[in-house]
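In what follows, a single structure is set out as structure tokens and then discussed.
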Amino acid sequence: MRWKGRRGSSNIEDRRSAGPRMRMPSGRRARTGGGLGLTGIVVVAGIAWFLGINPLTLLGQLEGGGYDVPSGRSQAPRSAADDETAQFVSVVLADTENTWGQLLDRHGTDYPEPTLVLFSGSVPSACGYASSATGPFYCGADSKLYIDLSFYQELATQLNAPGDFAQAYVLAHEVGHHIQNVLGILPQFHKAKRTMSKAEGNALSVRVELQADCFAGIWAHYAARQKGFVEEGDIDEALNAASRIGDDTLQRQAQGYVVPESFNHGTSAQRAGWFRKGFQSGRIAACDTFSAESL
């Protein structure tokens, strides 16, 4: 990606403890947890209009994200590379703001931009206290994305998914959960999950996560249209990252076997497939994971 020199988002909250607070470029403005932070933005009927499905099948308010990566991370002082990565995610976030602001505006809907919280080690959120081991996550209760930038090192070295566009995909996936929050999908999911068995809840969670992958693909679709931004091989980096963090791949890496009924994010093939679907179509309606007979 040729990201340097591009606008950075002003919606950055730097909570990293080591060193001085970073001044971000100017611009527009844990998995468990709290209630919807964007009450009343889109009614259920609006969800059906966007996705072309029965609103009763839209189930959500899960704070999305979390990646089961190997533990053993130690907190280190902030480095120059950390600050460059912070600038990078600021630029990616700004581009998602442009994309989703324009897309939702076409449908007569405002886009309340989320805040990206940078942290190191652990962080309190409106959805509870989370550690770096949780991985990047989105909290619907405060409409914030959370990431410890050291996750990107693990993404490259332990999960074998290097590249700046792989990093961008991870952030775009969490932004995808914010889109679900805006559309009312996450609140409906939480409401329905309370009455489900664990296996049923996991199965529905997979559909939520795959839709966020698809929404990440939509962002990539429009990013690739911009002259000089996305380079050759970038989309392959995102597809590889999506594949590397599939439930089956992570379980096989961690324990040598898979337990399909415990999947809550989707298989490697499913995650890459739904990202590709969003990338190829660029349409919200193409990301209807809830009505899909086959994922």
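Each reported figure results from applying straightforward, stated rules to the coordinates on display, with no laboratory input. Because the structure is a prediction, the values reported are computed rather than measured. So basically every Cβ, Gly included, is an ideal-geometry build from the backbone, and we count neighbours across all protein chains shown.
Taking segment 155-210 as the region of interest, what is the percent of Cα-Cα pairs per 5 angstrom bin, listed from the shortest bin to the one with the maximum distance?
Pair shares across the bins are 4, 17, 20, 17, 15, 13, 11, 3, 0.
Given the peptides 158-164, 103-109, arrange them by the average over their residues of other C-beta atoms within 10 Å, most packed first.
158-164, 103-109
Report D for segment 182-295 in µm² per second (integer): Stokes-Einstein, Kirkwood Rh on Cα pairs, 25 °C, 0.890 mPa s.
Translational D for this selection: 165 µm²/s.
List the lysines whose Cα lies under 21 Å from the Cα of residue 191, skipping any in the same chain that are fewer than 8 positions away.
List returned: 144.
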